[in-house]
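Down below is the structure, laid out as structure tokens.
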Amino acid sequence: GNSVTQMEGPVTLSEEAFLTINCTYTATGYPSLFWYVQYPGEGLQLLLKATKADDKGSNKGFEATYRKETTSFHLEKGSVQVSDSAVYFCALDPFMNRDDKIIFGKGTRLHILP
Amino acid sequence: DVKVTQSSRYLVKRTGEKVFLECVQDMDHENMFWYRQDPGLGLRLIYFSYDVKMKEKGDIPEGYSVSREKKERFSLILESASTNQTSMYLCASSPGTEGYNEQFFGPGTRLTVL
């Protein structure tokens, strides 16, 4: 079946450090991949997406590349800020038929220290 | 911008009460979803709907029901609230068109059942 596995948190970094949050997936066919972010006290919002292999999604300095050969979609940012403190969710849309649902990872909490 | 609103940010109810959580979206989306979010468990899908008056069970439907009488509104009902239903409840909607279905989330309702 379809599944998403992301690294467990919390992840604690100092401001301006390099960030990687690992995400791997299992899916049949050609899924679309997403990263969502949840800031404190808010719902989830889409951070970036990639709809086919080798696509790179990017937004707010974050990037992730859809790697079909390694079934991965790792989130990276070159220099994190305190305002990036949030919970990050990797997600997969199987895109097989209308009844398929988006599959979310369990989330990774990120703390950025000033 | 798509807006998904939820009727309450915080709610406190007593065991055995009937609880209604309301969700409204303003972008004519076909699909609507209810999740609960718990620490260490990520997002779990309770129910979803792909059309008016249509509903499908998600991964954890027990103890919940839903109603979708109008396209823009999707209600989650706890028939007899229990303490293990204390959680953050998130509503989401997506366009339902061909292709990937980005989900747009409301701010969440934090429900406490005493």
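Okay, here's what the table says:
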read-out	value
Accessible area in the full protein assembly, largest first, 1.4 Å probe, for B:27, B:54, B:88	B:27, B:54, B:88
In Å², nearest 10: area of residue B:48 left accessible to a 1.4 Å probe	10 Å²
Residue A:48 long-range amide H proximity, modeled H, under 5 Å	A:35
Ratio Rg/Rh [Cα only; Rh per Kirkwood] for the protein assembly as shown	0.97
GluC sites (Glu not before Pro) within segment B:24-114, DSSP loop, no more than 13 other Cβ atoms inside 10 Å	B:62, B:79, B:98
Efficiency of FRET between residue B:71 and residue B:44 - r from beta-carbon atoms, R0 30 angstrom, step 0.05	0.75
Calculated P(r) of segment B:70-114 - Cα pairs past 15 Å, %	57 percent
Violating pairs (Cα-Cα greater than 27 angstrom) within the set A:56/A:101; A:56/B:55; A:52/A:77; B:3/B:53; A:106/B:18	A:56/B:55; A:106/B:18
Heavy-atom accessible area per residue - chain A, 1.4 Å, Å²	49 Å²
Of B:77, B:60, B:46, the one that fluctuates the most in a GNM where chain B has Cα springs shorter than 10 Å	B:60
Over segment B:12-86, volume per residue of the alpha carbon convex hull, in Å³	94 Å³
Under 20 Å from the residue A:17 label point (7 Å along Cα→beta-carbon), backbone N, segment A:39-54	A:39-40
Low-density loop positions, trypsin sites (Lys or Arg not before Pro), segment B:35-75 - DSSP coil, at most 10 other Cβ in 10 Å	B:53
Principal axis dimensions, largest first and in whole angstrom, of chain A by Cα	45, 28, 21
Positive-pole candidate from B:48, A:10, A:108, dipole of the protein assembly as shown, charges at beta carbon	B:48
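The values are calculated or read from the model by the stated rules, or taken from the named source; none is laboratory data. Nothing here was measured: the structure is a model prediction, and the numbers come from that model. All Cβ positions, glycine included, derive from the backbone under ideal geometry; neighbour counts span all protein chains shown. For the accessible areas, the whole protein counts, side chains as well, though only heavy atoms, and no ligand, DNA or RNA atoms are used. Shrake-Rupley method; radii C 1.70, N 1.55, O 1.52, S 1.80 Å.
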